[in-house]
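Read the structure below first, then the notes.
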Amino acid sequence: MDIQPLVISLAKIIIISQVLMGGVAFMTWVERRVSAIIQFRLGPNRVGPFGLFQPIADGIKFLMKDETLPAGSHRPLFLLAPVIAFVTALCAFAVVPFGPIVELFGYTVNLVILDLDGGMLFALAATSLGVYGIVCAGWASRSKYALMGGLRSSAQMVSYELALGLAAVSVFLVNGTLRPTEIVAAQAGWFWNWNVFAGFQLLGFLLFMIAGYAETNRLPFDLPEAESELVAGYHTEYSSMKFSMFFMAEYIAMMTMSALAVTLYLGGFHPGFPTGDLAGWPLWGLQIAAFTGKVGFFMFLFVWVRWTLPRFRYDQLMDLGWKRLFPLALANLAMTALLVAFDVIKG
Amino acid sequence: MLSFSPISLGFQKLVAESRLTVVLLISWSVVMAAGLMFLTHLLPKLFNRAKVKRIDESPYECGMKPYRRVEKHRFSVHFYLVAMLFILFDIEAAFLFPWAVTFRDFAADKLFVLGEMAVFLGILVVGFAYVWKRGALEWE
């Protein structure tokens, strides 16, 4: 068997995981600086230029911190939980096409790690599996706050997953495929070809984003770690890098959610206008930059929303998920089905 | 030095689709996670003196001794109910995936296939309305 494609795959996996980790480090800095600007503070500005090396200092500190294992905790699960959270978060990003098919050093490289036929199923499955990390963490810590945080978190994530899945089904209906590369290919050209416009998916896009915020446990839906009620929620008992891994998992999940929203609704790596005579690396560079820019905007939005909106109460949160988003997602699906059946939305 | 010949995109797609990439992806993520866990286990032992005291290992309770064991802590039955409802509705949503992907292929029978799904969704909506009416979605 020829091992070269496998080497390319492995190289892509390693590079992308490192880019994601770098993105996490950068986002922690952005989060702290932007929150500081919103609140008329300065934020971390001592380590390196503009405090840019702060994440590195944080990482070293996390690595050097004492490791505590709560007495009476379930050791195997307690240690497994951050690994589950981290691995599932990394895996979900693999199906997102972050660029076109390029020529690199004489090899043809498709800029997506996993070009699966059921790619979106893989992504949804991986994000769903993230619940296990949180439930295990909450249960294995043998602490009241962790247990309540884990329970709340799992209930919230499964509730919003329904709306997330149903919103995504409408896109599959419009494009007739589950393969992310094909969904992106169908949105080439002008920006009105994007699913959010050409597929009449504005409502679906909003539902997807709201459910995505709840799915990644971000404000205004960060009930699992509502610090005024539950201390730190499911990771109350975690210290050192084990805590940091939950943190990284959350940020990677945010990036995955942004990337999925961009892929499904906003044209993926297509810049939104015909690229004309551009070919080769100028075109590919533009497309990769377009993808990065769109995902970057949504990452910024995550931070912006977090420091602008107050937190929901738990019953309001469950009400929103079950009584508003779920029926709306169903209605959106029914409307999309009708539009596709009567050829208003062209394939 | 290794030298590889350029290969056709078709074959590369084949490999990208193969389960091997999934295995590679999961193993690499596990290796990274395990590496971090190992480092965070090892480094403090190398550079700090071990000074984790017994009190550090007790469950967090704002600095007090835990006044009640977590096993005796009660939580709402609603969490169980939500999990049950999720399984029901998520299975129904899972049935929508293949339908959504193949819908355009039924060019001639589109309306019939649409009608079938309308019946399915109708049953789902009736079930949802029943659950709502019975108050399973209320949180106090």
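Okay, here's what the table says:
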quantity: All positions within region B:101-140 that are small (Gly, Ala, Ser) and within 21 Å of A:Val158 (Cβ to Cβ); calculated: B:Gly127, B:Ala129, B:Gly135, B:Ala136
quantity: Residue match in region A:35-43 (condition: closer than 28 Å to A:Ala92 by Cα, exposed (fewer than 14 other Cβ atoms within 10 Å of the Cβ) and of a type in the set (S, T, N, Q)); calculated: no
quantity: Whichever residue in region A:85-109 is of a type in the set (Phe, Trp, Tyr) and over 21 Å from B:His41 (Cβ atoms) and, among such residues, is surrounded by the most Cβ atoms within 10 Å (Cβ to Cβ); calculated: A:Phe93
quantity: Those residues of region B:123-140 which are assigned to a helix (DSSP H, G or I), more than 10 Å from chain A (Cβ to nearest Cβ) and not β-branched (Val, Ile, Thr), in sequence order; calculated: B:Gly127, B:Tyr130, B:Lys133
quantity: Residues (loosely packed, with under 15 Cβ neighbours inside 10 Å, facing chain B (nearest Cβ under 9 Å) and assigned to a helix (DSSP H, G or I)) located in region A:1-17; calculated: A:Val7, A:Ile14
quantity: Residue, surrounded by the most Cβ atoms within 10 Å (Cβ to Cβ), within region A:159-211, restricted to residues that are of a type in the set (S, T, N, Q) and part of a helix (DSSP H, G or I); calculated: A:Ser170
quantity: Residue that is open to solvent by less than 50 Å² (accessible area, probe 1.4 Å) and assigned to a helix (DSSP H, G or I), where the choices are B:Phe79, B:Phe95; calculated: B:Phe79
quantity: The listed residue being open to solvent by less than 10 Å² (accessible area, probe 1.4 Å), away from chain B (no Cβ under 14 Å) and either of a type in the set (Val, Ile, Thr) or assigned to a helix (DSSP H, G or I) (or both), out of A:Thr263, A:Thr256; calculated: A:Thr263
quantity: Residue satisfying condition, being touching a strand residue (DSSP E or B) at 6+ places or on another chain (Cβ under 8 Å) and more than 7 Å from every other protein chain (Cβ to nearest Cβ), within set A:Val102, A:Val34, A:Val47; calculated: A:Val102
quantity: Matching residues in region A:266-279 - criterion: being touching a residue at least 60 places away in the same chain (Cβ under 8 Å) and open to solvent by 10 Å² or more (accessible area, probe 1.4 Å); calculated: A:Leu266, A:Phe269, A:His270, A:Phe273, A:Pro274
quantity: Candidate set from region A:110-121 (those that are more than 8 Å from chain B (Cβ to nearest Cβ) and open to solvent by 10 Å² or more (accessible area, probe 1.4 Å)); member that is farthest from B:Ala100 (Cα to Cα); calculated: A:Leu111
quantity: Lone unmet requirement of (1) hydroxyl-bearing (Ser, Thr, Tyr); (2) within 28 Å of A:Thr336 (Cα to Cα); (3) more than 9 Å from every other protein chain (Cβ to nearest Cβ) for A:Tyr132; calculated: (2)
quantity: Residues of region B:54-69 that turn out to be modelled with pLDDT under 70 and not in a loop (DSSP other than H, G, I, E, B), as a count; calculated: 3
quantity: Flag if A:Gly285 is over 20 Å from the mean Cα position of the chain (by Cα), part of a helix (DSSP H, G or I) and surrounded by fewer than 18 Cβ atoms within 10 Å (Cβ to Cβ); calculated: yes
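Residue-by-condition table, conditions (1) more than 11 Å from chain B (Cβ to nearest Cβ); (2) open to solvent by less than 30 Å² (accessible area, probe 1.4 Å); (3) β-branched (Val, Ile, Thr):
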site	(1), (2), (3)
A:Ile56	yes, no, yes
A:Phe62	no, no, no
A:Leu69	no, no, no
A:Gly72	no, no, no
A:Leu79	no, no, no
A:Val83	no, yes, yes
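The values are calculated or read from the model by the stated rules, or taken from the named source; none is laboratory data. Source: prediction; values computed, not measured. Virtual Cβ from ideal backbone geometry, glycine too; neighbours counted across all protein chains shown. Note: accessible area is taken over every heavy atom of the protein model, side chains too, but ligands, DNA and RNA are not part of it. Shrake-Rupley method; radii C 1.70, N 1.55, O 1.52, S 1.80 Å.
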